[in-house]
Each structure stands twice: as C-alpha cells, then as structure tokens.
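Here is the structure we will look at, set down as structure tokens.
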Amino acid sequence: MAGARAYIGSFTSAGGDGVTVAEVDSATGALKVLAATDALPDPSYLALADGLLYAVSEGDEGAVGVFDVRQDELRLLGAPSPVGGIGPTHLSLGAGHVLTANYGSGSVSALERGDWPGQGASPLGEGPVSVVQHAGTGPNEARQAGPHAHQVVTDPSGRWVLSVDLGTDSVRVYSLGDRGLTVEREVALRAGNGPRHLAFHPAGGFVYVLNELRPTLTVCSWDADEGLLVPRDEVQVLDAEPKGDAYPSAIVVSPDGRFLWTATRGEDVISVFTLEDGPSLVTTVDCGGHWPRDLAVHPSGHFLYAANERSGDVTWFRVDASGVPERVGSTAAPSASCVVFSV
C-alpha cells in the first residue's frame, strides 16, 4: 500500500462508519477517504503494527478485532477476540501483546499477539492471557463509584505498562511478561481529578496526565529504570473558567518534544502548551467542530488532527514553529472517535 494512510475509528451505534481508511496528502495534511467497514461494532480506538490494525469493540461484551490493512480495503481477520471486560475504551501494543483498558468493568486486559492462523481464526486467539481488576473509588459519586480504566500504554523504554483510572484517581504501573500483566505499584493523584489519558515526553523523563473531572494537567517525573512515577505539579488546561463541565479528552506531545496539545470537549477547544520550561499554556484554539474526542499528531509533526465526535468530522491543522495549530480543512467522519497513522 503506497503512501501515508490515516485510520479513523467511530461509533457504529451512533451512525459512524466503523473503521475508515484515508490517504494523507503529505504537503497539506488533507485526508481523502478510500474505504470504510462496519464489520466490527463501535471500533472506538485503534492501534497499528506490521500491516495489521487492532480495534476495540466498545460494548458490554468487549472485544478486539484485527484488520488486514496491507491493501486499501479493510479485511477483518476471523472473529473478534473477547477481552474479559466491559466497555474497552482504549488499546495499545506492547511486548507481543494487545492491551485494553476496560472502562465499564474497571480492568485492564492483555491478549497475546500471534501470526494469523487463517481458517476464520483471529491472530489474538480466543481470549486474554490476563485480566487485572482494579479496585477503589473517588469523591465524585456520579463518576467515581468504582474503577474506570480509561487508557493503557507502554512507556518509551518498552519495560513498563501504565494504566490511567478515572474512577480511582490513580495511575497503575505494570510489568508485562508471558503470563500477562502484574501490578507493581499504584500512584495516587489528587482526589476528584478523574485522570483520563496520559502522554510521555519523547525523551522519557516526564509523563503528562490529562484529568477529565477537573480541567487540569498533572505533571509527573518518570524513572524508566525503576518504573517510578512521581506527581510534581498541576496546571490548568484552559485560559478561563469553563462555562460548564469541561470534559478534557485527549493529549498528545509533538515528536520533537517542544509542544503539548490537549482537547476539551465541553469548550470545543485545543489547548497549546510549550514544554521548554515545563508545561506553559500558550493559547487555546477552536477545534473546528464539536466535541473533540481525540487528537493525533502526524509523525512528521507538521499536522494535528481532531476527531470531533458530535459534529461528525475530522479537522486538520498545520503546525508551524510556534506550535499553534492553524486550521486547514476537514472531512466528514460521523461519530468520529480516534485517528491513527501509518507512513
């Protein structure tokens, strides 16, 4: 498959197309839709490796589907594999496994990645090799009555896995082996923050945790030798008081480590931070749509994309040396939930 591609996940239960593949114009960042499939229900988050696209199926019977994307068409390989949890909202790849954060059940699962065996089977087999159930609550009774794992990612060293739990106001650090995930420690954040997603600085020494229940960013130091996460500071992601519940949603760091961007759904804005002397809020810009659920930065660092769930589009921005995104265009993507790239 020639050229760069973008893959867009969306909620089929809300009118989305499922998984969409688009060609990326390297000069303008524009997306040209090539194909789509609704073969997997509610593929709300995606991850890509070695010509295979992994997608969560976000529902009560949570599962992961695997697509062959070596051609422009999208071919689901076998039946989706159950994750052993409810409502998986995020997945990532690490150390021979697919990892899912299961929001509904408050758990994290590891499924072993393998070669596609053919004959209707999935490259992930019949289920997870481990499911770790979180426990705990937070002070927000409506949102934190129990654990809600919202994201799971591998650190840049490849040695550790971190999961963010909105319900327990904490980040758990795992080791990952042949038998799956083992919790090494749980790091408490400020009660009531409701952490949603995190991003690593490319140099590896810092982790930035975006909080959903308070519009803030928790700055943490990260020691990859020991797997130690230490909260250091907290900064606002908005330059004014929100009009209501803000619902921050997504966070990305530029490939060169100079800038950080967050999305806030209730305000329909992207916040711009410089990281030269720690996160410093520069400005906010309109997301170009409504309810930006996800942000993605092109591997070149020249373009930023917002998946606007409720306006049903993906908007792209040019990023120059200032780090401030300039809106360039958009494409229709009903109930868009995430964007990932291959180059």
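The values are calculated or read from the model by the stated rules, or taken from the named source; none is laboratory data. Bear in mind that the values here come from a model prediction, so they are computed numbers and not experimental data. Here Cβ is always computed from backbone atoms with ideal geometry, including for glycine, and neighbour counts include all displayed protein chains. These area figures cover heavy atoms from the full protein model, side chains too; ligands, DNA and RNA do not enter into them. Shrake-Rupley method; radii C 1.70, N 1.55, O 1.52, S 1.80 Å.
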Arg214 in a strand (DSSP E or B) and of a type outside the set (Ser, Thr, Tyr): no
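Conditions (1) touching a Cys at 6+ places or on another chain (Cβ under 9 Å); (2) acidic (Asp, Glu), marked per residue:
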{"residue": "Phe206", "(1), (2)": "yes, no"}
{"residue": "Asp225", "(1), (2)": "no, yes"}
{"residue": "Val237", "(1), (2)": "no, no"}
{"residue": "Ser254", "(1), (2)": "no, no"}
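Which one of these is over 30 Å from Asn140 (Cα atoms) and open to solvent by 10 Å² or more (accessible area, probe 1.4 Å): Phe341, Phe317?
On the way: Phe317 fails: open to solvent by 10 Å² or more (accessible area, probe 1.4 Å).
Criteria check complete, one pass: Phe341.
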Residue list for the stretch 15-26, restricted to those being small (Gly, Ala, Ser) and open to solvent by 70 Å² or more (accessible area, probe 1.4 Å): Ser26
Cross-chain or 6+ apart pairs with Cβ under 8 Å, the stretch 126-143 first and of a type outside the set (A, V, I, L, M, F, W, C), then open to solvent by 90 Å² or more (accessible area, probe 1.4 Å): Ser130/Arg179
Cβ pairs under 7 Å, 6+ apart, first in the stretch 275-288 and under 17 Å from Ser249 (Cβ atoms), second β-branched (Val, Ile, Thr) and not in a strand (DSSP E or B): Val285/Val324
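Out of all the residues in the stretch 228-244, is one or more under 15 Å from the mean Cα position of the chain (by Cα) and over 21 Å from Gly289 (Cβ atoms)? Step through it out loud before you land on a result.
Step one: of the stretch 228-244, the residues under 15 Å from the mean Cα position of the chain (by Cα) are none.
No: the stretch 228-244 contains no residue that is under 15 Å from the mean Cα position of the chain (by Cα) and over 21 Å from Gly289 (Cβ atoms).
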Residue match in the stretch 35-48 (condition: open to solvent by less than 10 Å² (accessible area, probe 1.4 Å), in contact with a Gly (Cβ under 7 Å, 6 or more places away or on another chain) and under 26 Å from Trp160 (Cβ atoms)): yes
Boolean, Val209 is of a type in the set (A, V, I, L, M, F, W, C) and either outside any strand (DSSP E or B) or under 20 Å from the mean Cα position of the chain (by Cα) (or both): yes
Residues of the stretch 285-343 that turn out to be out of contact with any Pro (no Cβ under 7 Å at 6 or more places or on another chain), over 27 Å from Ser92 (Cβ atoms) and among the aliphatic types (A, V, I, L, M), as a count: 4
Selection count where residues are of a type outside the set (A, V, I, L, M) and outside any strand (DSSP E or B), scope the stretch 144-177: 13
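So which strands (runs of 3 or more DSSP E) are wholly in the stretch 229-343 and hold at least 2 residues that are under 21 Å from Phe11 (Cβ atoms)? Lay out the reasoning, then the answer.
Values: elements: 248-253, 259-264, 269-274, 280-286, 292-297, 303-308, 313-319, 325-332, 336-342.
In the stretch 229-343, 248-253, 259-264, 292-297, 303-308, 313-319, 325-332, 336-342 are the strands (runs of 3 or more DSSP E) which contain 2 or more residues that are under 21 Å from Phe11 (Cβ atoms).
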Subset of the stretch 169-192 (residues that are open to solvent by less than 20 Å² (accessible area, probe 1.4 Å), modelled with pLDDT of 95 or more and over 22 Å from Asp223 (Cβ atoms)): Gly192
Identity of the residue in the stretch 146-158, open to solvent by 40 Å² or more (accessible area, probe 1.4 Å) and over 17 Å from the mean Cα position of the chain (by Cα), that ends up farthest from Val132 (Cα to Cα): Ser157
Single condition Thr264 does not satisfy, out of (1) in contact with a Phe, Trp or Tyr (Cβ under 7 Å, 6 or more places away or on another chain); (2) over 11 Å from Leu210 (Cβ atoms); (3) hydroxyl-bearing (Ser, Thr, Tyr): (2)
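Let's see how each residue does on (1) at pLDDT 95 or above; (2) more than 30 Å from Val319 (Cβ to Cβ); (3) over 17 Å from the mean Cα position of the chain (by Cα):
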site	(1), (2), (3)
Ala2	no, no, yes
Gly16	yes, no, yes
Glu23	yes, no, yes
Thr28	yes, no, yes
Lys32	yes, no, yes
Asp68	no, yes, yes
Residue check for Val161: within 19 Å of Leu213 (Cα to Cα), at pLDDT 95 or above and either surrounded by 23 or more Cβ atoms within 10 Å (Cβ to Cβ) or of a type in the set (Gly, Ala, Ser) (or both): no
